[in-house]
Amino acid sequence: MSERIVQLPSGLTVAVEPMVSTRTAAIGVWVGVGSRDETAEIAGMSHFVEHLLFKGTQRRSATDISRTVDRLGGDINAHTSKEYTAYYCRLPARHSEIGVELLGDLITSPALRDDDVESERQVILEEMAMDDDNPEEVVHRSFGATVFGDDHPLGWDTAGDRESVRDLKPALVREFFEQRYRSENTVVAVAGAVDPDAVIDQVTKSFDALRPGVGRRPRAAPGDEMDAGRVVAMDDDTEQIHMVVGGRSVARLDPDREALDVANHVLGGGLSSRLFDEIRERRGLAYSVFSSAAAYADTGAWSIYAGAMPEHAADVRALIAAELDRLVDGGITADELDIAQGFLAGSYEMGLEDSGARMSRIGGQLLLLGHLRSVEEQLDRWSNVDLDDVTRVIERVYGAGEPVTVTVGPV
């Protein structure tokens, strides 16, 4: 890898990774503000601002933005998470200068007009209604509130709730943007068939108007106590019962993070995992069943999801409990360790084939880790995991107490 990383006098971090095997360029702007940085009164504000930045700038209308990208055959989008908001544009590399300038315009001089706030408010309410019609979305949302508590931002939906979205005032939106979108809280990442010097010069010009400063606020960690063993059953007229079982996990920089990746893959992270093999392949009780592990700055969560028809749901829940007991009591085998390490390394390497993935890697790591971890270092971190490491993290995470269970479907 040949990444170039500089910090401009304003405090803005710029990272460029040139690629010779592509004809595209991906430009991303990573801002260190997300839904966990909100109070209950402004829940959903980060997501609201993300939407509004595409409504137009001081020089461009929303139509101008979309036509500029379409004319070049590119795409532009954004997403809001618990701890950051990312804006990204991918297009033919010969047009990378336009992509950098366009994102710079969106980030530094959005219009944030009163009328746009009102019109986009309805769009977001429609998006929330759409999500409410998706039982898998609903069950994961309820799981987050159960694990982290409905009094902590990590337990809230990223989009907020209907009441808070309806109450967000245009002046408050502009104030939030001005306070949080600051140079030292932002990373501009570019990957593709580009010249690093030219990119850095273009970023310097296009982001010159970005307000200086940190933009971050102290984050409160969730309380130590989780309501272990709690069962939440949400009645809904669905064909399947959607269930999530899980609990608290380790933070992003925890030394056992890679060992948890291994344990998660063995449990339910792939086609050869125990849950997939037992519940789907052997018994045919579910189409979708998988496990995952989310990590934040100061905590994390592990979860298992499955969707099954009502007549199979009890059996699926019992099999999940049995596989968890088996994992905690017996750990994993040497062969399972080898398979998991091979999968994690191989999928990571294959995921870096396109410019968008390369851009996301450098932008996300610089913002969330504070430094860039080389591909070789990450591969070494997985390959250095041994059976003792996995046993330790299984006890810390899966053996820490009774998991919570959330279901959505016919009760």
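Any residue that is in a strand (DSSP E or B), under 21 Å from MET359 (Cβ atoms) and of a type in the set (S, T, N, Q) - is there at least one of those in the stretch 91-114? Within the stretch 91-114 (the criterion being in a strand (DSSP E or B), under 21 Å from MET359 (Cβ atoms) and of a type in the set (S, T, N, Q)), the answer is no, since none of the residues qualifies. Does at least one position in the stretch 117-138 carry a residue that is surrounded by fewer than 20 Cβ atoms within 10 Å (Cβ to Cβ), free of Cβ contacts under 8 Å to residues at least 24 places away in the same chain, acidic (Asp, Glu) and assigned to a loop (DSSP other than H, G, I, E, B)? Yes, the stretch 117-138 has at least one match. For the stretch 223-266, filtering for residues that are touching a Ser or Thr at 6+ places or on another chain (Cβ under 6 Å), crowded, with 21+ Cβ neighbours inside 10 Å and in a strand (DSSP E or B) leaves 5.
Residue selection: LEU367 fails the criterion of being surrounded by 12 or more Cβ atoms within 10 Å (Cβ to Cβ), within 24 Å of the chain's Cα centre (by Cα), part of a loop (DSSP other than H, G, I, E, B) and in contact (Cβ under 8 Å) with a residue 12 or more places away in the chain. Put simply, of THR68, THR13, THR57 the only residue that is touching a strand residue (DSSP E or B) at 6+ places or on another chain (Cβ under 8 Å) and free of Cβ contacts under 8 Å to residues at least 60 places away in the same chain is THR57. Among the residues of this structure, SER374 does not count as one that is among the polar types (S, T, N, Q), more than 30 Å from PRO135 (Cα to Cα), crowded, with 20+ Cβ neighbours inside 10 Å and in contact (Cβ under 8 Å) with a residue 12 or more places away in the chain. Would you call GLU163 among the charged types (D, E, K, R), at pLDDT 95 or above, over 23 Å from the mean Cα position of the chain (by Cα) and in a helix (DSSP H, G or I)? So GLU163 passes the test.
Residue count for the stretch 210-255 satisfying the condition of being touching an Asp or Glu at 6+ places or on another chain (Cβ under 7 Å), under 14 Å from GLY300 (Cα atoms) and modelled with pLDDT of 95 or more: 2.
Quick grid of which residues meet (1) in the same structural domain as LEU352 (by TED's automatic domain parsing); (2) farther than 18 Å from ASP37 by Cα; (3) buried (at least 20 other Cβ atoms within 10 Å of the Cβ); (4) not hydrophobic (A, V, I, L, M, F, W, C):
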| site | (1), (2), (3), (4) |
| --- | --- |
| GLY160 | no, no, yes, yes |
| ASN185 | no, no, yes, yes |
| PRO196 | no, yes, no, yes |
| PRO212 | no, yes, no, yes |
| ALA220 | no, no, no, no |
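Scanning the stretch 313-327 turns up at least one residue that is of a type in the set (Lys, Arg), touching a strand residue (DSSP E or B) at 6+ places or on another chain (Cβ under 8 Å) and not assigned by TED's automatic domain parsing to the domain that holds ALA145.
What about ILE339, is it at pLDDT 95 or above, outside any helix (DSSP H, G or I) and either farther than 30 Å from GLY34 by Cβ or of a type in the set (Val, Ile, Thr) (or both)? For ILE339, the condition - at pLDDT 95 or above, outside any helix (DSSP H, G or I) and either farther than 30 Å from GLY34 by Cβ or of a type in the set (Val, Ile, Thr) (or both) - is not met.
Pairs linking a residue in the stretch 306-330 that is more than 27 Å from LEU260 (Cα to Cα) to a residue that is surrounded by fewer than 21 Cβ atoms within 10 Å (Cβ to Cβ) and of a type in the set (A, V, I, L, M, F, W, C), with Cβ atoms under 6 Å and 6 or more positions apart or on different chains, are HIS312/LEU285.
For the stretch 76-94, the set of residues classified as in contact (Cβ under 8 Å) with a residue 40 or more places away in the chain and not basic (Lys, Arg) consists of THR80, SER81, GLU83, TYR84, THR85, ALA86, TYR87, TYR88, CYS89, LEU91, PRO92, ALA93, listed by residue number. Under the condition of being surrounded by fewer than 22 Cβ atoms within 10 Å (Cβ to Cβ) and β-branched (Val, Ile, Thr), the residues counted in the stretch 317-331 number 1.
I want to confirm something. Restricting to the stretch 342-356 and keeping residues that are free of Cβ contacts under 8 Å to residues at least 40 places away in the same chain and in a helix (DSSP H, G or I), which single residue is surrounded by the fewest Cβ atoms within 10 Å (Cβ to Cβ)? Within the stretch 342-356, the match that is surrounded by the fewest Cβ atoms within 10 Å (Cβ to Cβ) is MET350. Collect the residues in the stretch 191-215 that are under 26 Å from ARG358 (Cβ atoms) and not hydrophobic (A, V, I, L, M, F, W, C), keeping them in residue-number order. GLY192, ASP195, PRO196, ASP197, ASP201, GLN202, THR204, LYS205, SER206, ASP208, GLY215, listed by residue number.
I'm checking my understanding of the structure. Among residues of the stretch 1-38 that are of a type in the set (Val, Ile, Thr), touching a helix residue (DSSP H, G or I) at 6+ places or on another chain (Cβ under 8 Å) and in a loop (DSSP other than H, G, I, E, B), which one is nearest to SER206 (Cα to Cα)? The residue in question is VAL33. Can you tell me which condition ALA191 does not meet? The list is (1) among the hydrophobic types (A, V, I, L, M, F, W, C); (2) part of a helix (DSSP H, G or I); (3) touching an Asp or Glu at 6+ places or on another chain (Cβ under 6 Å), and all the others hold. Going through (1) among the hydrophobic types (A, V, I, L, M, F, W, C); (2) part of a helix (DSSP H, G or I); (3) touching an Asp or Glu at 6+ places or on another chain (Cβ under 6 Å) one by one, ALA191 breaks only (2). Taken together, the residues in the stretch 10-46 that are more than 18 Å from TYR181 (Cβ to Cβ) and not β-branched (Val, Ile, Thr) amount to 11.
The values are calculated or read from the model by the stated rules, or taken from the named source; none is laboratory data. Quantities reported herein were computed from a predicted structural model and do not represent experimental measurements. All Cβ positions, even for glycine, are placed from backbone atoms using ideal geometry, and neighbour counts span all protein chains on display.
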